Structures are given as C-alpha cells and as structure tokens.
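The structure appears right after this line, and notes come after that.
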Amino acid sequence: MSVISSLQVGVLDPQGPVAAAERTILLNATVIMLAVIIPVILLTLAFAWWFRAGNAKAKRSPDFAYSGPVEVVVWAIPMLIVLFLGGIAWIGSHDLDPPKRILAKHSPIDVQVVSLDWKWLFIYPALGVASVNKLVVPAGAPLRLQLTSATVMNSFFVPQLGSQIYTMAGMSTRLNLLADKPGVYPGLSAQFSGQGFSDMRFNVQALPEGQFNQWVATAKRNPAQLTAATYAQLAKPGLQATPLEFGAIGQGVFDAIVDARPLPVSASATESAASPADDASTSDHSAMAM
C-alpha cells in the first residue's frame with residue numbers, strides 16, 4: 001500500500017465525529033508546537049550566521065550573566081505552550097470520553113466485541129446475530145460498543161472512526177463511535193498479542209439503513225449458530241481468512257465470556273442481554289471457575 005493510500009484510510013481522513021475531533025486536536029497541537037520549533041530553528045541559523053568569525057559587526061559579551069527580558073521570554077514561551085497543550089488535552093479528554101453518548105438523529109445500535117487469538121467476534125445482542133472479522137453498522141447511527149478479551153489484552157482501533165480502546169479479560173470497556181456516511185472503514189489490532197496480531201484485521205461496513213436491515217435479515221437466515229462448540233473453535237489461536245456470520249446466538253454469550261463461564265450449548269434467535277450503560281467507562285466482572 002502506498003503512502004498516499006495509507007493516509008486516505010488513516011486518522012487524517014476522519015469519517016465520523018470522534019475521529020474528526022481527534023484530527024482537530026492533532027492539528028492544533030502540531031501548530032502550537034511548530035510555533036516554537038520554527039522560530040528556534042530560524043534563530044539558531046541566524047545566530048550562527050551573525051556570530052560567524054568573519055563578521056566584525058557582531059558584538060560579543062563573554063561576561064554576560066543575566067538579563068530580565070531574556071529570562072521572561074525564555075520562561076514565558078514554554079509556560080504558554082504547556083498551558084495551551086494542557087488545555088487542549090483537558091477539554092479533549094472530556095469531550096471525547098469513550099463512553100460518552102453521541103447525539104444523532106438515528107437510534108443507537110449495541111454491539112458486543114470480543115478479541116480472540118487472532119480474530120474479532122462481533123455480537124449484536126438485540127438483533128440475535130453475530131459476525132467474525134466484519135462489523136456491519138447503519139451509517140449515521142451511534143455505535144455503543146462493549147468490549148472484552150477472551151485471551152490476552154488487545155486494542156480495538158478503527159482509525160477513520162477514532163478512539164483506540166483496550167480489551168482485557170475479565171472486564172469490559174465501553175466505546176461510542178459513529179460513521180457519518182456509508183463506506184468501508186478498515187479496523188485493526190493496535191496491540192501486540194502474538195504471532196498473528198498483524199493480520200488481526202476487520203472491516204467496518206457502514207450501510208444505509210435499508211441495506212443494513214437487509215443484511216440483518218440475511219444474517220438471520222444463516223444456519224450457523226454461535227454455540228459453545230462453535231465458540232470453542234473460534235477461541236483456538238489462528239487466523240480467520242474470510243468473515244463469518246451466525247444466524248443465532250445464545251443468551252448472555254458476552255457476559256459468559258467476560259465471567260469465564262461456559263457458553264450456552266444451544267443458540268436462540270435473540271439475546272436478552274441488556275444494553276450497555278452510557279455513564280460508566282468500565283465495569284469489572286469477577287472471574288468464575290469453569
């Protein structure tokens with residue numbers, strides 16, 4: 001992949017409000033730092049040229065020790081830089097808090113995310129379907145993600161939608177995202193988790209509402225079910241070359257994975273798991289013996 005094509009699918013090409021806000025923070029911080037870096041570089045070159053050996057006009061003060069105006073400039077500029085950068089970080093960390101609700105015209109959709117070795121499992125509790133290495137969502141609808149890991153710590157990241165967040169065994173983290181318009185947005189694992197982590201990739205397919213509903217209907221007709229047996233196969237370390245879909249899931253699959261409990265033997269058409277709360281960033285679950 002060329003450098004240009006890489007930039008077109010990265011953090012500098014946001015396709016959602018979270019990623020757009022993060023790019024603004026990145027650009028603002030860069031401009032603030034360049035306000036120091038560029039003058040320092042120019043002044044270094046100017047001083048080197050002015051105080052060259054052949055310049056008889058340059059006045060040298062070998063006994064110079066202190067200057068109030070110089071001290072003010074030397075200390076004031078770094079203080080302003082720290083103040084500006086700190087303010088941007090403070091405001092941004094609150095505005096872009098991962099569990100903070102995203103306001104939109106469309107109703108939110110709940111998705112439960114499980115990181116495996118080395119694949120991603122996406123569960124739609126209210127729709128009764130699941131997929132592997134493919135996250136299909138309605139464009140313009142807020143995504144309320146609840147994430148965990150069935151193995152080692154991992155990191156969920158969709159650069160064009162924003163906000164990398166960690167997945168950890170025995171607990172769940174929450175993340176709210178939104179895709180502004182239809183498209184395919186690459187996602188990846190941003191945490192080294194073993195031999196296959198570099199190929200632990202997936203696509204977020206943002207579809208118009210009508211096409212999303214068609215996908216859900218098609219997925220429900222899939223005879224494959226997310227049961228204890230199929231999950232045991234998914235949990236084995238290895239890569240999943242092609243995305244998978246499950247037309248039925250068991251009740252409480254996500255909670256069972258978090259709590260390290262056995263999954264339901266059979267799957268039902270729907271799952272009665274409650275929607276994740278929006279006012280908590282993480283919720284710990286005590287591990288139980290299988």
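Listed values, structure above:
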| quantity | calculated |
| --- | --- |
| Relative pair counts by distance (%), Cα atoms of region 1-156, 5 Å bins | 1, 6, 9, 11, 13, 12, 10, 7, 6, 6, 5, 4, 3, 3, 1, 1, 0 |
| Region 16-48-region 181-219 distance, computed between alpha-carbon centres (Å) | 33 Å |
| Spatially near lysine pairs across region 109-259, Cα under 19 Å, sequence gap of 8 or more or different chains | 5 |
| Residue-level accessible surface for T30, protein heavy atoms, 1.4 Å, Å² | 60 Å² |
| Helix axis angle, 209-220 relative to the chain longest principal axis, alpha carbon, degrees | 50 degrees |
| In Å², nearest 10: area of W50 left accessible to a 1.4 Å probe | 100 Å² |
| Most mobile of A232, A241, A65 in a GNM of the chain (Cα contacts under 10 Å) | A65 |
| Carbon/sulfur fraction of accessible area - the chain, other protein chains in place, 1.4 Å, % | 65 percent |
| Sparse-neighbour loop sites [chymotrypsin sites (Phe, Trp or Tyr not before Pro); region 149-199; at most 14 other C-beta within 10 Å; DSSP] | F192 |
| The chain: most fluctuating residue of Q160, Q15, Q195 per GNM, C-alpha cutoff 10 Å | Q195 |
| Cα shape, region 176-256, gyration tensor, a/c 1.5 rule | oblate |
| Estimated [θ] at 222 nm from DSSP helical runs (n ≥ 4, -39500 (n - 2.57)) normalised by residues in the chain, nearest 500 | -10500 deg cm²/dmol |
| DSSP-defined beta bridges in region 109-259 - what % are antiparallel, rounded to 5 | 65 percent |
| Label-point separation, A126 to T218 (7 Å along Cα→Cβ), nm | 2.3 nm |
| Residue-normalised accessible area of region 109-259, expressed per residue, 1.4 Å probe, Å² | 35 Å² |
| Peptide ranges 212-218, 86-92 listed from the most packed, as the mean C-beta count within 10 angstrom indicates | 212-218, 86-92 |
| Cα shape, region 86-198, gyration tensor, a/c 1.5 rule | oblate |
| Beta bridge orientation in the chain: antiparallel %, DSSP, nearest 5 | 70 percent |
| Selected from S189, S67, S149 as most flexible by GNM, with the chain as the system and alpha-carbon contacts under 10 Å | S67 |
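The values are calculated or read from the model by the stated rules, or taken from the named source; none is laboratory data. The shown structure was predicted, so the numbers you read here are calculated from the model rather than taken from an experiment. With ideal geometry, Cβ positions are generated from the backbone for all residues, glycine too; neighbour counts draw on all protein chains shown. For the accessible areas, the whole protein counts, side chains as well, though only heavy atoms, and no ligand, DNA or RNA atoms are used. Shrake-Rupley method; radii C 1.70, N 1.55, O 1.52, S 1.80 Å.
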